[in-house]
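Report on one structure; see the data block that follows.
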Amino acid sequence: MTYVDLVLQKLSTDGEREALIGGDTRLTRSQARDLLFRLADGLTQRGVRPGDGVAAFVGNTPEAVLLTVAVHLLGCRLVYVPPEPGPSELAALVKRAEVAAVVVDPAFSDRLDGWHLQDLPGDPVERTPAPGHTTVSYTGGTTGLPKLAVHRSHSTARLEALRHMPPTNMLCNTLITHGSGAGVSMAALVVGSKLVLGPSTFDADTFVRLARDEQITTTMFVPPMMYEVLDHPDCPGPQFLGIGVGGSPLAPRRLRQAIEKWGPVVFQAYGMTEALGIATMPASDVDFARPETLRTVGKPNPGIEVEARDGDVWVRGPMVMEGYWGEPPLSETADGWFNTGDMGYFDDNGYLYLNDRSKDVIVTGRTSDNVYSRLLDDFLVTLPGIRQAAAVGRPDEALGEVVHLFLVPEDGHDVDFDSIRDSVVGELGELYQPSGITIVPQLPLTQVGKVDKRRLRSQFR
Ligand code: AMP
C-alpha cells in the first residue's frame, strides 16, 4: 500500500465534501477522484508506462496536485521541474532526467514544450495504485543546474501515520513542486483535509484573505512568509490548530511572537530536499524562560538517524534520498549517510541546534575564523527598528571575507551604522563586527520564499 491508496480511500468517502481549492477552481472529493483517474488515463493513453519518468512543470493548481498523485498512481517516476531556469536550462534539466513525458501548465508553455495539463484528462478509468513510485526533486544548487534528488516510495510511507488524524482546512503557501509544498499537499490529501492552494508566489494579502474566507486551521510557512503575515495589519488571530514553520532559519524573536499571537500550535520543522523531515520542535517544548528552546530545531523525527560530526549534520534513514539521479546511491558511497551541508550540534537533552549552512558561514580574519551569519541575522532583528536582516561575506583582500549586512528597517526608522556595530560587538564580539551596511526595502527571496543569500553575495562578485 502507498499513500495513493490512502488518498483514494479519502476521496471515495463523503464525495460532496470539498477537497481541493485553488484560484477559481473548487473540487469536491468525488470530482477530485474523477479527475485523478482521468489524468492517469490520459497519461496511459499517450503511452506512459509504469517506471517511466514524467516531468511536471506546473504551478499551484488543484489539477497539478492531482497530476502528481496520478503519476504515482501509475507507478511512474515523478520529476518536479524547478521554476527558476530559463528555457535552455529547463530543456537540459528535462533531458538529464531522462523522462518519457513532460506535462506543462499552459501558462508556462512558452518556456518548455510538453503536453498541456488541461488537455491531458482521458476517461475516468478506475485503477489500483501501483505498489511503488519514485519522486525526483530539484535542489537549490550552488551554480549551474540543480541536482536531482531521488526518493523511492518509502519516503512517503511516513504519511500513513496521518491517516487517522481529523481533517483540517489546510493552506499551502509554498510551491507544490518543492518538498515543502509537495509534503503539505500529500499530507492534506491523506488526512482528508480541505486543501487550499495559495498562489505560486506568496503574498501576505492573499494569505490573510484565504485564512479568513476558507477558515484555515493548518498551514506551513517558510520564515519570511510568517514574518510578513505577523506584520500585516489584518494578521489573523488564534484560529489555527497547527502551523509549521521551517525551510530556513527562524529568528527566535519571531517564533516567540508567533506563539504569543497564535498559541502553542506553532512548531518548527527542519528538513531539506535530500532529507525530508529531519527534526521537529513542538511548541509544547518551548519555554520562553529558556531562550535556547526558541533556537533549537528540536529532536530528530522517528526513523531518522542524525549525527553531528565535527560540527556537520549527517542524516540517514528512509526519508533520506536514495542518491542524486545519475550518481551512485548513498548506500554505496557513504553507507546511506548524507552530509546535509548544515553546521550544528546537539545539547545534552538531544535537541539539535543549527549554526549556519556551511556555504553561508563567513570566513574572516587572519586566523580564518567562522562567523555564523545566522547568529547575526537573529541578533539584528532584536534591535529596535530592524525588521529583517541578512549577513553575508564580502570578499576582502586582507581578511578573506568581511561581514556585510543587508538591513530592512521598520517604516520611518533611521539606521545608524555605528550603533549597530557597537551592539553587534557588545553581543557577539569583535569577530562579528560588520564592515558595511546596505539598507534595502526588502530582502530578495527564492521562488520558494527563502532569503536568497546567494543573490545578495553576487552583488560583490
Ligand atoms: P531545501 O532543500 O531548499 O529545502 O533547503 C534545505 C535547507 O534549508 C537546509 O539544509 C537548511 O539549511 C535550511 N533549513 C530547513 N529548515 C530549517 C530550519 N528549521 N532552520 C534552519 N534552517 C533550515
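The values are calculated or read from the model by the stated rules, or taken from the named source; none is laboratory data. Computed from a predicted structure; not experimentally measured. Cβ coordinates were reconstructed from backbone atoms using ideal geometry, including for glycine residues, and neighbour counts include every protein chain displayed. We work out accessible area using only protein heavy atoms, side chains counted, and drop any ligands, DNA or RNA first. Shrake-Rupley method; radii C 1.70, N 1.55, O 1.52, S 1.80 Å.
Table: residues versus (1) open to solvent by less than 30 Å² (accessible area, probe 1.4 Å); (2) modelled with pLDDT under 95.
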{"site": "Pro384", "(1), (2)": "no, yes"}
{"site": "Asp396", "(1), (2)": "no, yes"}
{"site": "Val403", "(1), (2)": "yes, no"}
{"site": "Phe406", "(1), (2)": "yes, no"}
{"site": "Pro409", "(1), (2)": "yes, no"}
{"site": "Leu431", "(1), (2)": "no, yes"}
{"site": "Ile439", "(1), (2)": "no, no"}
{"site": "Leu443", "(1), (2)": "yes, no"}
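Evaluation of Phe37 against the conditions (1) over 23 Å from the mean Cα position of the chain (by Cα); (2) closer than 16 Å to His151 by Cα shows that the sole unmet condition is (2). Mind checking whether some residue in region 184-197 is assigned to a helix (DSSP H, G or I), polar (S, T, N, Q) and under 21 Å from Gly277 (Cα atoms)? The answer is yes; a qualifying residue exists. The residues of region 362-375 that are over 21 Å from the mean Cα position of the chain (by Cα) and either closer than 26 Å to Val315 by Cβ or open to solvent by 50 Å² or more (accessible area, probe 1.4 Å) (or both), listed by number, are Ile362, Val363, Arg366, Thr367, Ser368, Asp369, Asn370, Val371, Tyr372, Leu375. Hey, among the residues in region 333-357 that are among the hydroxyl-bearing types (Ser, Thr, Tyr) and more than 9 Å from the ligand (Cβ to nearest atom), which one's farthest from the chain's Cα centre (by Cα)? Checked region 333-357; the qualifying residue farthest from the chain's Cα centre (by Cα) is Thr333.
Whenever a residue of region 183-207 is under 12 Å from Thr168 (Cβ atoms) and basic (Lys, Arg), it has no partner that is modelled with pLDDT under 95 and open to solvent by less than 10 Å² (accessible area, probe 1.4 Å) lying with C-beta atoms less than 9 angstrom away and at least six residues away or across chains. Considering only residues that are open to solvent by 30 Å² or more (accessible area, probe 1.4 Å) and assigned to a helix (DSSP H, G or I), which ones fall in region 203-220? Within region 203-220, Asp205, Arg209, Arg212, Asp213 meet the criteria.
So for region 224-231 (the condition being open to solvent by 30 Å² or more (accessible area, probe 1.4 Å), closer than 20 Å to Asp411 by Cβ, more than 14 Å from the ligand (Cβ to nearest atom) and assigned to a loop (DSSP other than H, G, I, E, B)), does at least one residue qualify? Walk me through it before giving the result.
Let us first name the residues in region 224-231 that are open to solvent by 30 Å² or more (accessible area, probe 1.4 Å), namely 228, 231.
Retained after the next criterion (residues that are closer than 20 Å to Asp411 by Cβ): 228, 231.
Going one step further and asking which of them are more than 14 Å from the ligand (Cβ to nearest atom), we end up with 228, 231.
The next check asks that each one be assigned to a loop (DSSP other than H, G, I, E, B); those that pass are 231.
Within region 224-231 (the criterion being open to solvent by 30 Å² or more (accessible area, probe 1.4 Å), closer than 20 Å to Asp411 by Cβ, more than 14 Å from the ligand (Cβ to nearest atom) and assigned to a loop (DSSP other than H, G, I, E, B)), the answer is yes, since at least one residue qualifies.
Checking each residue in region 53-67 for being assigned to a helix (DSSP H, G or I) and open to solvent by 10 Å² or more (accessible area, probe 1.4 Å) picks out only Glu63. Hey, does region 362-373 have a residue that's more than 19 Å from Tyr270 (Cβ to Cβ) and within 16 Å of the ligand (Cβ to nearest atom)? Looking for residues that are more than 19 Å from Tyr270 (Cβ to Cβ) and within 16 Å of the ligand (Cβ to nearest atom), one finds at least one in region 362-373, hence yes.
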